[in-house]
Amino acid sequence: MDHYEMKLTLKVWRQANNKSKGRFETFQVDGISSEMSFLEMIDILNERLVVEGQDPIAFDHDCREGICGSCAMHINGRPHGPWHATTTCQLHMRAFKDGDTIVVEPWRANGFPIIKDLVTDRSAFDRIIQAGGFISVNTGNAVDGNALPINKDNADASFAAAACISCGACVAACKNASASLFLSAKISHLGLLPQGQPERHKRVISMVAQMDKEGFGSCTFTGACEAVCPKEIAITNISRMHKDYLAAGLSADN
Amino acid sequence: MLDAKIPAGSLEKKWSDYKNHVKLVNPANKRKLEIIIVGTGLAGASAAAALGELGYKVKAFCFQDSPRRAHSIAAQGGINAAKNYQNDGDSVFRLFYDTIKGGDYRSREGNVHRLAEVSSAIIDQCVAQGVPFAREYGGLLSNRSFGGTQVQRTFYAAGQTGQQLLVGAYQALERQIALGNVKMYTRHEMLELVQVDGKARGIIAKDLVTGELERHFGHAVLLCSGGYGNVFYLSTNAMGSNTTAIWKAHKKGAFFGNPCFTQIHPTCIPVTGEHQSKLTLMSESLRNDGRIWVPKNLNEERKPFDIPEDERDYYLERRYPAFGNLVPRDVASRAAKERCDLGYGVGTSKQAVYLDYAAAIKRYGEIEASKRNLGNVDAETITKMGKEVVKEKYGNLFDMYEKITGENPYVVPMRIYPAVHYTMGGLWVDYELMTTIPGLYALGECNFSDHGANRLGASALMQGLADGYFVIPYTVGNYLADEIRVANIPTSHPAFEEAEKAVRERIEKFMSINGKQTVESMHKRLGKIMWDKCGMARNAQGLREAIEEIRQLKKEFWSDIKVTGVINDFNPELDKAGRIADFIELGELMCMDALQREESCGGHFREEFQTGEGEADRRDDQFMYVAAWEHVSGGWQLHKEDLVYDVVKPSQRSYK
Ligand SMILES: Cc1cc2nc3c(=O)[nH]c(=O)nc-3n(C[C@H](O)[C@H](O)[C@H](O)COP(=O)(O)OP(=O)(O)OC[C@H]3O[C@@H](n4cnc5c(N)ncnc54)[C@H](O)[C@@H]3O)c2cc1C
Ligand code: FES
């Protein structure tokens, strides 16, 4: 792979805190190698800012391997940037060319208030899980792992949904800022397994109620969420959730 | 004087006897007892869930914005358990034995046997929580093999085992939060331990959003804060992984066990330049099918696929014909370093070796051709079919490699190099996971307990969940049973006042230095010293130099760093300053530990102590002990816990 160096213009959203007004700030960065990751490019800019005595750009990140779901940048109008099925931290600079201008913003949604610059508060996702995204089994209560064979297709589909990393890109991409893809991934993960059946109806009702309470919008099936999901969570999960929701409404035992 | 409190009796009865006689706390009293848990990765989240279920009042802390993002999420390969579902001869004893041997006879028999005993229940618990482990067509759980064993006992969920296990524990934890049994503090960092009359009674934590300091009381404090591999700057750990929680405890009296025992993983994506912020692991499973080599010629200029077979050095196969590419991690890493040090490395930096799938692609292609009865097929078709098989087995890893390097590993051999991955050392704990401070416990990677001088693959997840789900719920009760008469200590107590004051002064100091160097650049320099002199190979002279250099660095740090922003704000730069200050001190202790251990064992390789063939020379007569370091004013004092092997007979590991 041939490497090259770039000079770039960055327009980055700066906002001191939840109460203040934000604005774009423009930076020129040069000497950026195509081998760097996007976050390493921001690191270089931040190092420079610290040396100059300015406040570095705040952003969430941790694993830098595309699995923890911390990183969350809206890059050139798309959550996580231009690459398919890729988190911000896995995006590399060879996606850009010399002279490019890159616009970087935080997730924008009522459910995700801004904390600072590119950092948002995604604790609403935890509260949605608290509302029912679990199987109620206390430690030590389990039967042998193989006492309950699970059809491989269901197990695989459950796993595919459980691959969600709770980054919130689906919300950021949705014009209604709906959290339906996130929520439905959990409904499928647990609902496709026999262990998840006893609480299936109760789960969907209370999780949806919590989503509404957190200020996320409703789903109008535009498919924008699926297109940006770094883990390729399928929109069919939302259909499954809706079916479960209807069934739960009809059944007496929710 | 160090008492590990290993129960008497035969090895296989120790844990059940312990459980039968341990003190209990009745439900009404549990409700009155508060437990602080610092860290909610696999160890902390499982402990918080389990203790919440029991009815204790739990307060849990993590620095990420959600417990689901702890570093445990990144684990790829799998989790071991002695289920013997494969009927291939596995048992609790074998898992115990493999772990002791893999650790190069530097761990405790009693602890490791307990770990093997509870391993099976971990899988059951996770399945019940809905963890979607890989399954066979019959619907039963699937297993694969990992290094250092001859049975298939590794349970997995594609290349995302850590994520699935952590999500399971996280959901159990969130359920307890919803039930009001656990109160969760995200974006909080513990910055000090509070002791009253010698016992751990609380912490000072910083709200990372507002910058405010908080005081929290607990009848007991559990540290579950993960490993400290980031002392090397570059490692496979998450960016935020740090030593601060255990370091604060260490400075308040908790002994530190085997700090120098570090695992360097042989297969990681190599460093590309100064900008590099972290290293990415390529799973150990790749060594099942990949062949590792370097050119035989120095200054080789040709592309790898243009180098003929007889001009390649498959050095692992050459040196270790019995195990070949599947030697344990420590051995494989050192062998790569040996080649690169002599100038045979590949890539622009020359600090890499090839991990080549060409032979595997051909082999799998031929198997496919014969399975499908295709008769004589051309090489191209074979390659195509072979690639499909490889893709099914390792596709996600190959994709990750391509995303990072921009190279297609199906065509060009991957370039890999060893990287810091895991720390076997950590706070010294006894059989009950209690540190040398009464009421202070350490669980998961942040303790030193079970892996000796080298950890086997897929055993860290097992240990974290064993500690949290199945060990601490018993052992903490044994302590708390005597604490039921202790009323909550108000956080206006002078011990809290003083601890908070110390934290505040330290933060103010960081802000006031106003020097020229960034904290990040200091971290890089520390990492370089550690990697060069306390990394894959160590010697007395280098370690002495490292200690001097680190002391110098520490002086520079405290006189010349620059931290921007203000105290009462979301200020990651300031948080980083605190973490790097602690790493610098830890680095010095690691070098001292490596210096005193005049032998080679597991991941600790002292160049002066090797056999004629360049293998580790363990010196059981003098070093069969745990090095437990006590922080004393002006330095450290070494204590030794002798390791006693009643059941296993230590022998020299050989993989030839
Ligand atoms: C890339 C990679 C792959 C791996 N793959 C495997 C594998 O396949 N199998 C295996 O068995 N092991 C594997 N390991 C090792 C394993 O993942 C870890 O050892 C294990 O997950 C550690 O769990 P833990 O709960 O001890 O710590 P962590 O998961 O690191 O959690 C630490 C917690 O402590 C918190 N914390 C830290 N400091 C503070 C503080 N001061 N204040 C408040 N909170 C704090 C953090 O927020 C976090 O919640 C892998 C490791 C890596 C790096
Ligand atoms: S930093 Fe973990 S997913 Fe990007």
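Bear in mind that the values in this text are calculations on the coordinates, not laboratory data. This is a predicted model, so every value here is computed, not measured. Don't worry about glycine lacking a Cβ; one is built from the backbone with ideal geometry, like all the others, and counts go over all protein chains shown.
Of all trypsin sites (Lys or Arg not before Pro) in the range B:348-393, which ones are in loop regions per DSSP and have a Cβ with at most 15 other Cβ atoms within 10 Å?
Here the sparse-neighbourhood loop sites are B:Lys350, B:Arg372.
Counting only other residues whose beta carbon sits under 10 Å from that of B:Gly257, what net charge do I get with K and R as +1, D and E as -1?
Taking every Cβ under 10 Å from that of B:Gly257, the sum is -2.
Normalised by the number of residues in chain B, what is the relative contact order in percent for Cα pairs under 8 Å and 6+ residues apart?
Relative contact order of chain B: 20 percent.
What net charge do the residues around B:Ala43 carry, taking every other residue with its C-beta under 11 Å from that of B:Ala43, with Lys and Arg at +1 and Asp and Glu at -1?
Counting the neighbours of B:Ala43, the net charge comes to -2.
List the residues, sorted by chain then number, that are 5 or more residues from A:Ser178 or on another chain and whose placed amide H is less than 5 Å from its amide H.
A:Gly217
Which residue, chosen from B:Thr435, B:Tyr315, B:Thr280, occupies the Cα position most advanced towards the positive end of the dipole of chain B, where the dipole is computed from +1 (Lys, Arg) and -1 (Asp, Glu) charges on Cβ about the Cα centre?
Of B:Thr435, B:Tyr315, B:Thr280, it is B:Thr435.
Given the options B:Gln164, B:Gly253, B:Ala419, identify the residue whose Cα lies farthest towards the positive end of the charge dipole of chain B (+1 on Cβ of Lys, Arg; -1 on Cβ of Asp, Glu).
The one lying farthest along the dipole's positive direction is B:Gln164.
Nearest 5 is fine: what % of DSSP beta bridges in chain A come out antiparallel, could you say?
Rounded to the nearest five, the antiparallel share is 75 percent.
Taking the Cα centre of each part, how many Å lie between the range A:92-112 and the range B:96-110?
First find each Cα centre; the distance between them is then 49 Å.
In whole angstrom, how far apart do the alpha carbon centroids of the range B:1-29 and the range B:424-495 sit?
The distance from the Cα centre of the range B:1-29 to that of the range B:424-495 comes to 14 Å.
Scan chain B and report its longest stretch carrying no GluC sites (Glu not before Pro) that are both in a DSSP loop and have at most 14 other Cβ atoms within 10 Å.
B:408-597
In debye to the nearest 20, how big a dipole does chain B give about its Cα centre with +1 on each Lys and Arg Cβ and -1 on each Asp and Glu Cβ?
Dipole about the Cα centre, nearest 20: 840 debye.
What are the ³J(HN,Hα) values, in whole Hz, obtained from phi via the Karplus relation 6.51 cos²θ - 1.76 cosθ + 1.60 with θ = phi - 60°, for each residue of the range B:565-572 in sequence order, with x given for Gly and Pro?
Going residue by residue, I get x, 10, 5, 8, 7, 5, 9, x Hz, with x marking Gly and Pro.
Any idea what angle helix B:329-341 forms with the longest principal axis of chain B, computed on alpha-carbon atoms, 0 to 90 degrees, nearest 10?
Approximately 60 degrees, to the nearest 10.
What fraction of the Cα pairs in the protein assembly as shown, stated in percent, has a spacing above 54 angstrom?
8
Checking the table B:Lys199/B:Lys248; A:Lys186/B:Lys403; B:Lys524/B:Lys576; B:Lys555/B:Lys576; B:Lys278/B:Lys350; B:Lys251/B:Lys640 against a 21 Å threshold on Cα-Cα, which pairs fail?
As for pairs spanning more than 21 Å Cα to Cα, those are A:Lys186/B:Lys403.
Could you list B:Asp104, B:Asp467, B:Asp621, B:Asp90 in order of exposure, starting from the residue whose Cβ has the fewest other Cβ atoms within 10 Å?
Least crowded to most crowded, the residues run B:Asp621, B:Asp90, B:Asp104, B:Asp467.
Each residue of the range A:13-25 in turn: what ³J(HN,Hα) in whole Hz from Karplus with 6.51, -1.76, 1.60 and θ = phi - 60°, glycine and Pro shown as x?
6, 10, 8, 5, 6, 4, 8, 7, 8, x, 7, 7, 10
Among A:Asn18, A:Asn146, A:Asn176, whose mean-square fluctuation peaks in a Gaussian network model of chain A (Cα, cutoff 10 Å)?
A:Asn146
With a cut-off of 8 Å between alpha carbons and a minimum separation of six or more residues, what is the relative contact order of the range A:123-250 in percent?
It rounds to 34 percent for the range A:123-250.
I need B:Arg415, A:Arg94 ordered by Cβ neighbour count within 10 Å, fewest first.
Ranking B:Arg415, A:Arg94 by Cβ neighbours within 10 Å, fewest first, gives A:Arg94, B:Arg415.
Might you report the magnitude of the Cβ-based charge dipole of chain A about its Cα centre, with Lys and Arg at +1 and Asp and Glu at -1, to the nearest 20 debye?
Here chain A has a charge dipole of around 940 debye.
Which entries in B:Lys5/B:Lys32; A:Lys152/A:Lys202; A:Lys21/A:Lys116 show an alpha-carbon gap greater than 18 Å?
From B:Lys5/B:Lys32; A:Lys152/A:Lys202; A:Lys21/A:Lys116, over 18 Å: B:Lys5/B:Lys32; A:Lys152/A:Lys202.
Quick one: angle between helix B:92-102 and the longest Cα principal axis of chain B, in degrees between 0 and 90, rounded to 10, please.
Tilt of helix B:92-102: around 80 degrees.
Neighbour counts of other C-beta atoms within 10 Å: give me B:His21, A:His74, A:His3, B:His451 arranged from fewest to most.
B:His21, A:His3, A:His74, B:His451
Using a simple charge model, +1 on the beta-carbon of Lys and Arg, -1 on the beta-carbon of Asp and Glu, nothing else, what dipole does the protein assembly as shown show about its Cα centre, in debye to the nearest 20?
1580
Using helices alone, I'd like the mean residue ellipticity at 222 nm for chain A: each DSSP H run of four-plus residues gives -39500 (n - 2.57), total over residue count, nearest 500.
-10000 deg cm²/dmol
So for the protein assembly as shown, taking the charge dipole from beta-carbon charges (+1 Lys/Arg, -1 Asp/Glu), which of A:Ile233, A:Gly196, B:Thr149 sits furthest toward the positive end?
Of the listed residues, the answer is A:Gly196.
Enter the mean projected area of the convex hull around the alpha-carbon atoms of the range A:123-250, in nm², rounded to one decimal.
Answer in nm², one decimal: 8.0.
Given an 8 Å cut-off on Cα distances and at least 6 residues of separation, report the relative contact order of chain A as a percent.
Contact order relative to length: 19 percent.
Could you give the distance between the Cα centres of the range A:221-241 and the range B:268-307, to the whole Å?
For the range A:221-241 versus the range B:268-307, the Cα centre distance is 37 Å.
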